Amino acid sequence: MGAAMACQLYLLTPPRIDADFPALLERTLAAGPVAALQIRLKDHAPSEIEALARPLVTIAQAQGVAAIVNDDPALAARLGADGVHVGQEDAGYAQARAAVGRQGMVGVTCHDSRHLAMRAAEAGADYVAFGAMFPTVTKTPKTSAPLDLISWWSELFEVPCVAIGGITTDNAPAVIAAGADFIAVSAGVWSHAQGPEAAIARFSELLP
């Protein structure tokens, strides 16, 4: 993930998946360009996640999609994932970097905070994530991030920013126009009225 590029799609898994999900993921990733897949299985017991995540990493990487594990740097390392995403309450940046190494990606949730984002970028984060951009059904957001935060960041900083939270095919154009490097989408794909493949195809039309 480098700076100053056209906006790309960053897909998150649903919080809960079933046995059919790997096949659905494969079809969905084939429906249009996806830069990264964050494996975020919040509604599964920690003991289940490694076995569920392993095939998802394989599927993503086979399609040239970066596989990023949410919250757990040690798991990311064990799975051979491309990176890890950490929140402010999860493992710290240093722990995440130590687990995935210099070649791995580390992304950091920065909510609506310029200070947290600057601190993460200074530490060496590969991207910072701002949100929630819009009301979201996937989780109860701690903060709401304005579009001008995205614009401010993209004008001043080289480190890419990910906009997350409630992004759909309907409201994505405003986030793209604000200068986001990545739009992170979960329910906007998996709960799309025409299905996930149609959602990916529509997002790919919106992205420059």
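None of the figures in this text is laboratory data; all of them are computed from the coordinates on show. Please read all numbers here as calculations on a predicted model, not as lab measurements. Neighbour counts run over all protein chains shown; Cβ positions are idealised from the backbone, glycine included.
Odds and ends about this structure:
- Here the chain is assigned +1 on the Cβ of each Lys and Arg and -1 on the Cβ of each Asp and Glu. Its dipole about the Cα centre then comes out at about 160 debye.
- For peptides 87-98, 34-45, sequence by mean Cβ density within 10 Å, most packed first: 34-45, 87-98
- Rounded to whole Hz, the Karplus (6.51, -1.76, 1.60) HN-Hα couplings of the stretch 48-65, x for glycine and proline: 8, 5, 4, 5, 6, 6, 3, x, 5, 4, 4, 5, 4, 5, 5, 9, x, 9
- Around the amide H of residue 105, modelled in the peptide plane, lie the amide H atoms of 83, 84, all under 5 Å away and 5 or more residues distant in sequence or on another chain.
- The distance from the alpha carbon centre of the stretch 118-144 to that of the stretch 1-44 is 17 Å, rounded to a whole number.
- From most to least packed by mean Cβ count within 10 Å, the peptides 107-114, 201-208, 73-80 give 107-114, 73-80, 201-208.
- The phi-based Karplus calculation (6.51 cos²θ - 1.76 cosθ + 1.60; θ = phi - 60°) puts the 3J(HN,Hα) values of the stretch 112-129 at 10, 9, 5, 4, 4, 5, 5, 5, 5, 5, 4, 5, x, 4, 7, 7, 10, 10 Hz, whole numbers, x for Gly and Pro.
- Exposure proxy order (Cβ contacts within 10 Å, fewest to most) of 13, 140: 140, 13
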